[in-house]
Structures are given as C-alpha cells and as structure tokens.
Amino acid sequence: MINHSVYIIFLGLAFAKVFELILSRFKIPSIISWFVAGIVVGPYVLGLIDKGVELELFSRIASIFLMFYIGFSTNYNVVLRRISLSIIVSLAGVVATFFLCFAILYSITMNLYTSILLSIVLSNTASEMASSIMLTINKPFVYDIVTTASIVDDIIAIIAIFMMAIPILNGASYFSYMAFLIVVIISCVLIGLFRQYAKKVHGRLQTEVIHALSMALLGLSVAITVWMGVNELLVAYTMGLVLNIVMIRGDALLRSDTIAMDLADSINKLLHWVFLPLLFVYVALSIEIKMVNMYVFLPLFIASTIGKLIGCSLPVYVKTKRQDSITIGIIMMLRGSLENTLLSTLYLYSLIDKMLYSTSVVVSLTSTLLSLLLLYVLKVLR
C-alpha cells in the first residue's frame, strides 16, 4: 500500500514537471501544464494512475498552504495605491460576472444555493496569475489596478464562499466557530508576546525562530480547528492574514519585512515545486471529460469572460479614458489556483455534482487560455 502511494505521488509529480518544462517553451502557464499532465497520465490516455486518497490528501495540504500564502503574502503597500479605482474595478467585475453566471446556472440547475456558490467562484480573478502576467507588461498604471483588484477579488471570493458554506462544511456548529475565534485570539496574544521576545533575538536565529513559530501556529491552528469541526481552509487564510498584519505591518520585529518576505517566498516555492502540481493533477483526475456539459459550458464560459471583460474595463475607461482599460479587463479574465481549490472543496463536500465540477474547471482553464491569447493579439497589434 505504501509503495503504491509513493508510486502515485511521484509519478504524478514527475509528469507534472515534465509537461511544465515542455509547455513553458510555448508560454503556456504552469497550471495548464499540470492539468494536461493529469489528463495524460490518468485513465484518459496512459492509464498509469487514477484518483486516490494519496492525491486527495496532497490536494488538501496544497489548499491549506495556498490559503495561508494568500493571506500572508498580501502586499498592503501595493493595495493602497489607486485603492478607490481598484475596488470599483473589482466590484464591477465580480458583480457583472456573478449575475451573468447566476442567471445561467439557476436556469439550468434550478438550485439557488449551488448557483450562488459556483457564481462566486467564477467571478474571481487569480491574483497569482495576474501578478505573473504583469511582470511581462511594463505599464505601472495597469500593474497597480490589476494587482489590487485581483487581491480584492480573492478576499471577496474566500469570505463569500465560506460565509455561504459555513452551515455545511465539516458540519461545524455555532459553538465550533466560536471556539475557532478563541483560537485566533489566543494566537494573536502569543504572537504579540513573541514580538516582545523577538526584540532580544538577533541574526540567523531570529529568522529561524520566526519561521518555525509561524509554521507551528499554522499547524496547531489547523489541527485544533479540524478537530473542532471547523473548515481548515478558512483557518489557514485567517492565520496567514493575522501573521501578515503582525509581521509586516508591525514594527517591533527586527527586520520583520525581510523575514516575512523570505517565509512567503519559501512557501511559494514549496507550492510550485510540489503541492500545486499535485493539486492540478488531482483536479484533472477528478473531472470526467464525458461529464462536461457543452450546453452548460458554452453559456457559462461566455458569461464568465464577458462579465469580467466589460465589468472591469468599463469603470477604468469611464474614469480615465485610457486605452489600457481593455488590457485590464482581459487580464482580469484569468483564473488559477484559488478557483480550482474552491471548486475542489465544493466538490469534496458534495456541494456541487460531478457535471458542474467538471464543467466549471474547464470553464476556468479555458478562460485563462483565452485571456493569454487576447493579450498576445493586443501585443502584436500595438
């Protein structure tokens, strides 16, 4: 059994990294490469591995670290630049996409709850994808708007999903979430006490101690809250956000900004080297191509792209009259790790069925490919 588990994990990882290397030559994003690797190594092509508890476990660990990373790595200095316009862009894109997707999903499923959950996920923009794309576009105005708006999108999606799903996720009770708040408060107190201790600690030891304490707090908070019946993804995001505020915004820790950035960079590397490739292999193995409903896919794909394109471009153009507004709308069509993590969570807890899960994953990935294609066309035309 152990040998079989090791076989599945490392073969899946090997295929993911090989396809990442090959498709990177054609400027294909890593998440697409990992997904394609899962299709190839899975039962649809080679049939070497199938979905099992091993990859499911790794996908859950990846989701925990991803949520922690999103909360921990938010750069408030960037967010505060052009904050007003960025929030308007984010809200306009989210609202337009949400209502378009909701109208389609509700007319098909006639399920209000499911339609709301999926519409929230499909209304999000992948901040990690947007940030990586912005490295290739030398436009400070676009960078500020897209970076902040995509972060606001992430925050809206995470809060909205868990607010809607709290009554069902893990079957947690009201008292469980009260206990979760107590854990967060205790963690904040411990961090505050450690800040005082950290003033006396210097050099390399300080960095190691802070990193170890951060991971210990994440591990303990996740373990305790799962035991209490609270969803671990909400816990991980909250803990990352708390540590972010204390370490980066606070000034008591010696070299706190540098230490926090180093920890965020280490987590980012761990995610992209191991956990996210296995997560997307798992996503590819979880969907069934034959379950992708084209009558749902086509209108949902159009709604999710048009909603973002118009919703995000129009406020910028009305406010500034800049031609860059169309570029912002196209970049905001990108989907990525968070969307697939949320979709996997909804499917894992039986909040959406196999057809909606498979179709939504394909919508998310296709939207990203279309965004990259349109950005390339704009670059050629200009």
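Sort out which residues of the stretch 3-19 are among the polar types (S, T, N, Q) and in contact (Cβ under 8 Å) with a residue 24 or more places away in the chain, and write them in order of number.
Filtering the stretch 3-19 down to residues among the polar types (S, T, N, Q) leaves 3, 5.
If the condition is that a residue be among the polar types (S, T, N, Q) and in contact (Cβ under 8 Å) with a residue 24 or more places away in the chain, then Ser5 is the only one that fits.
Restricting the search to the stretch 107-132, which residues are out of contact with any Ser or Thr (no Cβ under 8 Å at 6 or more places or on another chain) and crowded, with 20+ Cβ neighbours inside 10 Å?
Matches in the stretch 107-132: Leu117, Ile120, Asn124.
Which of the residues belonging to the stretch 1-43 are charged (D, E, K, R) and under 24 Å from the mean Cα position of the chain (by Cα)?
From the stretch 1-43, those charged (D, E, K, R) are 17, 20, 25, 27; that's our starting set.
Selection gives Lys17, Glu20, Lys27.
Taking interchain pairs and intrachain pairs at least six residues apart, which have beta carbon atoms under 6 angstrom, with the first residue in the stretch 208-230 and at pLDDT 80 or above and the second of a type in the set (Phe, Trp, Tyr)?
If the second residue must be of a type in the set (Phe, Trp, Tyr), the pairs left are Leu218/Phe68.
Residue by residue through the stretch 237-280, note down the ones that are among the small types (Gly, Ala, Ser), over 20 Å from Met129 (Cβ atoms) and either modelled with pLDDT of 75 or more or not in a helix (DSSP H, G or I) (or both).
Within the stretch 237-280, Gly250, Ala252, Ser266 meet the criteria.
Given the residues Ile104, Ile116, Ile22, which is the only one that is touching a residue at least 60 places away in the same chain (Cβ under 8 Å) and of a type in the set (A, V, I, L, M)?
Details: Ile116 fails: touching a residue at least 60 places away in the same chain (Cβ under 8 Å); Ile22 fails: touching a residue at least 60 places away in the same chain (Cβ under 8 Å).
Among Ile104, Ile116, Ile22, only Ile104 is touching a residue at least 60 places away in the same chain (Cβ under 8 Å) and of a type in the set (A, V, I, L, M).
Evaluate the stretch 64-86: report whether one residue or more is surrounded by fewer than 16 Cβ atoms within 10 Å (Cβ to Cβ), under 19 Å from the mean Cα position of the chain (by Cα), modelled with pLDDT under 90 and assigned to a helix (DSSP H, G or I).
yes
Scanning for something assigned to a helix (DSSP H, G or I) and acidic (Asp, Glu), does the stretch 334-343 turn up at least one residue? Explain how you work it out, then say what you get.
So in the stretch 334-343, the residues assigned to a helix (DSSP H, G or I) come out as 337-343.
Within this subset, residues satisfying the condition of being acidic (Asp, Glu) are 339.
Checked the stretch 334-343: at least one residue is assigned to a helix (DSSP H, G or I) and acidic (Asp, Glu).
Which of the residues spanning the stretch 96-148 are within 19 Å of the chain's Cα centre (by Cα), of a type in the set (Val, Ile, Thr) and under 25 Å from Ile326 (Cβ atoms)?
Once the filter is applied, which keeps residues that are within 19 Å of the chain's Cα centre (by Cα), of a type in the set (Val, Ile, Thr) and under 25 Å from Ile326 (Cβ atoms), the stretch 96-148 yields Thr97, Val121, Thr125, Ile133, Ile145, Val146, Thr147, Thr148.
Among (1) touching a helix residue (DSSP H, G or I) at 6+ places or on another chain (Cβ under 7 Å); (2) surrounded by fewer than 21 Cβ atoms within 10 Å (Cβ to Cβ); (3) without any contact (Cβ under 8 Å) to a residue 24 or more places away in the chain; (4) not aromatic (Phe, Trp, Tyr), which single condition is Val380 missing?
(1)
How many residues, within the stretch 1-49, are over 18 Å from Glu288 (Cα atoms), of a type in the set (Phe, Trp, Tyr) and surrounded by 15 or more Cβ atoms within 10 Å (Cβ to Cβ)?
2
Check whether at least one residue in the stretch 16-37 is at positive phi, charged (D, E, K, R) and in contact with a Phe, Trp or Tyr (Cβ under 9 Å, 6 or more places away or on another chain), and report yes or no.
Taking the stretch 16-37 as the starting set, the residues that turn out to be at positive phi are 27.
Filter again for charged (D, E, K, R), leaving 27.
Adding the requirement that they be in contact with a Phe, Trp or Tyr (Cβ under 9 Å, 6 or more places away or on another chain) leaves 27.
Yes, the stretch 16-37 has at least one match.
Please count how many residues of the stretch 346-370 are among the hydroxyl-bearing types (Ser, Thr, Tyr), modelled with pLDDT under 90 and in contact with a Lys or Arg (Cβ under 9 Å, 6 or more places away or on another chain). So that I can check it myself, show each step before the final result.
Of all residues in the stretch 346-370, those among the hydroxyl-bearing types (Ser, Thr, Tyr) come to 347, 349-350, 357-360, 364, 366-368.
Okay, now just the ones that are also modelled with pLDDT under 90, so 347, 349-350, 368.
Still in the running and in contact with a Lys or Arg (Cβ under 9 Å, 6 or more places away or on another chain): 347, 368.
Of the residues in that region, 2 qualify.
The values are calculated or read from the model by the stated rules, or taken from the named source; none is laboratory data. Remember, predicted model here, so these are calculated numbers, not experimental data. Don't worry about glycine lacking a Cβ; one is built from the backbone with ideal geometry, like all the others, and counts go over all protein chains shown.
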